């Protein structure tokens, strides 16, 4: 348990940030799931549209520190490769 005033304030801040980060992480997962569901259904147009929506969300998560920048780029790249493979 925090003893000093600054430690108590830090604990409050961490609690607030954690809630915000949970929302952001959940949002990213939802966008990625929409892309994966479109890929699974075989609908290239829907998958492409979902990818276009998910890409900025993933990069925003990287900017906010939810994901590492390389992780976000890797996820975008792999999703893009899977969407392109639908047409082949």
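Read the figures in this text as sums done on the coordinates, not as results from a lab. Treat the numbers as computed from the prediction; the structure is a model and nothing was measured. A quick note on method: Cβ atoms are made from the backbone with ideal geometry, for glycine too, and the neighbour counts reach across all protein chains shown.
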### Task
Output the qualifying pairs, or none if there are none: Cβ atoms under 6 angstrom, residues six or more apart or on different chains, first residue in the stretch 1-26 and closer than 17 Å to residue 60 by Cα, second residue not in a helix (DSSP H, G or I).
21/66; 24/66; 25/66
### Message
Could you check the stretch 60-79 and list, in sequence order, the residues that are in a helix (DSSP H, G or I) and either surrounded by fewer than 16 Cβ atoms within 10 Å (Cβ to Cβ) or at positive phi (or both)?
### Response
60, 63, 64, 69, 70, 71, 73, 74, 77, 78
### Task
Considering only the stretch 57-66, state which residues are in contact with a helix residue (DSSP H, G or I) (Cβ under 6 Å, 6 or more places away or on another chain) and either free of Cβ contacts under 8 Å to residues at least 40 places away in the same chain or over 20 Å from residue 23 (Cα atoms) (or both).
57, 58, 59, 61, 62
### Message
Can you tell me how many residues within the stretch 44-56 are over 18 Å from the mean Cα position of the chain (by Cα) and in contact (Cβ under 8 Å) with a residue 12 or more places away in the chain?
### Response
1
